[in-house]
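Asker: One structure is given below, represented as C-alpha cells, and several questions about it will come after.
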Amino acid sequence: LGKPTGVLFVSDSNVAPLHGEPVRAALASLGLTAGYVELTPGEEHKTVSGLCQILQGAFDISLDRKGLLVGLGGGVTTDMTGFAAASWVRGVRWIGLPTTLLSMVDASVGGKTGVDFHTAKNAVGAFWQPSGVICDVLTLQTETERMYRGAISEVIKTALIGDPDLLTLLETQPEALLRREPSLLSEVVERSVRVKARIVGLDERELGLRATLNLGHTIGHALESAGGFSALTHGEAVGLGLIAALRFGERRGHTPRELTARVHDLLVRLGLVHRLDEQALTRSVGLLGKDKKRAGSAVRFVFARGLGDVVTEAVQLTELEEVVPSLADPAG
Ligand SMILES: NC(=O)c1ccc[n+]([C@@H]2O[C@H](COP(=O)([O-])OP(=O)(O)OC[C@H]3O[C@@H](n4cnc5c(N)ncnc54)[C@H](O)[C@@H]3O)[C@@H](O)[C@H]2O)c1
Ligand SMILES: [Zn+2]
C-alpha cells in the first residue's frame, strides 16, 4: 500500500507524557501530516464514545483509505485504535505500540479489536490485524507494579500452553523478571508473542485451537467479576484461575500434581496472589455460566496435561459449580 497519506496518533493521558515524544518525533521525521487524539485512561472509558473521539480525529485530518492509525498505550488503547482502524472508511492500516506487559504479550497479538458496551466486555469489535506491532520493553519501566506483576500470570499461562523453556526461564530468573531487566523482558515478550501468534495463525476466528488461550480464564474471569473487577486485577485473577484449573485437571486425571506444584511455587516466588479462598470461589460460582466460551449447559474448559500440552473438554456447568469451591483445598 506504500507510504501512508496521513497518520492519526492515539494515546492516553497517562502514557503520552511518558512515552509519546519519541513517537511524535518519528512521525514528524517521516514528513507525515499527523493528527493526535488523547484518550481518557481506564477500562471504563473503553466505550463507543471513546471510539467516537478517535473517529473524530480521523475526520478532522480527512484521513483517507491510505491513512494509518498508530496506538500507543495499554490494551485499552490498542484495542480501541485497532477497532477505529477497522471501521474508519471501512478499514485503514494500524500499528500497535503496546506499553504494558499484558498488551505486549496478549492484547497486541491476534487482531481482536473492540470496545465494551455497558457491562458486556469487548462486545462491539472486529478482527482486524495490525500492519505491525512494536514492543519497546523500556516503556515497561513505568508500568505500575501491580499491573506489571499481574501480567506475568499471562506469561505463565502462555508458557504452559506452548513454551516449556519459557517456564524454565521464569523459574531461573524471578528476581531479574521483577526488576524488569530489559534483556530478559525482550526474550519473555518475544517468546510469548511467538506462542500466541502460532496459535492465532492456525485459528484466527477462534473455531477451536485459539480457545486453549483461555487456560485459567474460566474460573479466573468468575473470580475477577465476583470481586467487582476491583478486588483482583485481571492478571491476579488469571494466576488464581490457573491454580484452580490445574487442580481441577488433577481431579479429572489430566494434570500431573508436579505441574500444579511448579506453577504454584513460581507464583509464590513472584509475589503473585496464589491463595485460593473458598469464600471467593463460592461467590464466583454463579458467574461461571457467564463464560463467553459457554455452549448451552456446558463450558469448554481448558486442561493442562503437561507442559505445552493442553486440551479443551466440555464440562457441564453443574459439575463445574459443584467442584469450584472445593478447589481451595490442594488435596481435594
Ligand atoms: N485484543 C486482545 O486480544 C486482548 C487480549 C487481552 C486483553 N485485551 C484488553 O486489554 C485491556 C487491558 O490492557 P492493559 O492491562 O494494558 O490495561 P490498560 O490499557 O487499561 O492500561 C492500564 C493502565 O496503565 C496505564 N499505562 C499503560 N502503559 C503504561 C506505562 N508504560 N507506564 C505507565 N502507565 C501506563 C494506562 O494509562 C492505564 O491507566 C482490556 O481492555 C482487555 O480487554 C485485549
Ligand atoms: Zn487474560
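Asker: Out of all DSSP beta bridges with both ends in the chain, state the antiparallel percent to the nearest 5.
Answerer: 45
Asker: Right, here's the next one. Considering the dipole of the range 1-67 built from charges on the beta carbon (Lys and Arg +1, Asp and Glu -1) around the Cα centre, which of Ala26, Pro4, Gly57 is farthest to its positive end?
Answerer: Going by the charge dipole, the pick is Pro4.
Asker: What is the angle, in °, between the Cα long axis of helix 257-269 and the longest principal axis of the Cα atoms in the chain? Nearest 10 is fine, range 0 to 90.
Answerer: That helix lies at roughly 50 degrees to the long axis.
Asker: In addition: Which whole-number percent is the relative contact order of the range 168-274 (Cα, under 8 Å, 6+ apart)?
Answerer: 21
Asker: Determine, from the Cβ-Cβ distance of Arg252 and Glu204 and an R0 of 35 Å, the FRET efficiency 1/(1 + (r/R0)^6), rounded to the nearest 0.05.
Answerer: Taking R0 as 35 Å, the efficiency between Arg252 and Glu204 is 0.75.
Asker: Could you tell me how many degrees, from 0 to 90 and to the nearest 10, lie between the Cα long axis of helix 15-29 and the main elongation axis, the longest principal axis, of the Cα atoms of the chain?
Answerer: For 15-29 against the chain, the angle is about 40 degrees.
Asker: Another question about this same structure. With a point put 7 Å past each Cα toward its Cβ, work out how far Lys290 is from Glu313 in nm, to one decimal.
Answerer: 2.7
Asker: What figure, in Å² to the nearest 10, do you get for the accessible area of His264 with a 1.4 Å probe and non-protein molecules left out?
Answerer: For His264, the solvent-accessible surface is approximately 50 Å².
Asker: Given a Förster distance of 30 angstrom, what is the FRET efficiency for Ala28 paired with Arg90, based on the Cβ-Cβ distance and rounded to 0.05?
Answerer: 0.60
Asker: Charges on Cβ only, +1 for Lys and Arg, -1 for Asp and Glu, centred on the Cα centroid of the range 229-332; of Ser326, Gln279, Ala231, which one is farthest towards the dipole's positive end?
Answerer: Ala231
Asker: Further question: Can you give me the long-range amide H partners of Leu8? Hydrogens built in the peptide plane at 1.01 Å from N, cutoff under 5 Å, separation of 5 or more residues or another chain.
Answerer: Close amide H contacts, sequence-distant or interchain: Gly35, Leu68, Leu69, Val70.
Asker: How big is the gap, in Å, between the Cα center of the range 41-62 and the Cα center of the range 315-332?
Answerer: So the separation of the two Cα centres works out to 42 Å.
Asker: If I model a spin label at Ser230 and Arg283 as a point 7 Å from the Cα along the Cα→Cβ vector, what separation in nanometres do I get?
Answerer: 1.2
Asker: Roll a 1.4 Å probe over the protein heavy atoms and report the accessible area of Glu278 in Å², nearest 10.
Answerer: Surface open to solvent at Glu278 totals about 110 Å².
Asker: Still on this model: Assign unit charges at the C-beta atoms only (+1 for Lys and Arg, -1 for Asp and Glu), then state the dipole size of the chain relative to its Cα centre in Debye, rounded to the nearest 20.
Answerer: Dipole about the Cα centre, nearest 20: 760 debye.
Asker: Taking the Cα centre of the range 80-206 as origin, sum charge times position over the Cβ atoms of Lys and Arg (+1) and Asp and Glu (-1), and report the length of that vector in debye to the nearest 20.
Answerer: So the magnitude is around 440 debye.
Asker: Looking at this model, which pairs from Lys121/Lys157; Lys157/Lys196; Lys46/Lys157; Lys157/Lys290; Lys46/Lys196; Lys3/Lys46 are more than 18 angstrom apart at the alpha-carbon?
Answerer: Listed pairs above 18 Å: Lys121/Lys157; Lys46/Lys157; Lys157/Lys290; Lys46/Lys196; Lys3/Lys46.
Asker: While we're looking at this one, here's another question. Show log10 I(q)/I(0) for the range 204-332 at q = 0.14, 0.15, 0.19 Å⁻¹, two decimals, from a solvent-free Debye sum over equal Cα scatterers.
Answerer: These q points yield log10 I(q)/I(0) values of -0.55, -0.63, -1.06.
Asker: Of Trp88, Trp128, which has the most accessible area with a 1.4 Å probe, and how do the rest follow in descending order?
Answerer: Greatest to least solvent exposure: Trp128, Trp88.
Asker: Counting Lys and Arg as +1 and Asp and Glu as -1, what is the net charge of the other residues whose Cβ lies under 14 Å from the Cβ of Ala58?
Answerer: +2
Asker: Largest first and in whole Å, what are the equivalent-ellipsoid semi-axes of the chain based on the Cα gyration tensor, each being the root of 5 times an eigenvalue?
Answerer: Values for the chain, descending: 36, 21, 17 Å.
Asker: Counting only protein heavy atoms and using a 1.4 Å probe, what share of the accessible area of the chain belongs to carbon plus sulfur, as a whole percent?
Answerer: With neighbouring chains kept in place, the figure for the chain is 55 percent.
The values are calculated or read from the model by the stated rules, or taken from the named source; none is laboratory data. All figures in this text were calculated on a predicted structure; none of them were measured in a lab. Positions of Cβ are backbone-derived with ideal geometry, glycine not excepted, and every protein chain shown enters the neighbour counts. For the accessible areas, the whole protein counts, side chains as well, though only heavy atoms, and no ligand, DNA or RNA atoms are used. Shrake-Rupley method; radii C 1.70, N 1.55, O 1.52, S 1.80 Å.
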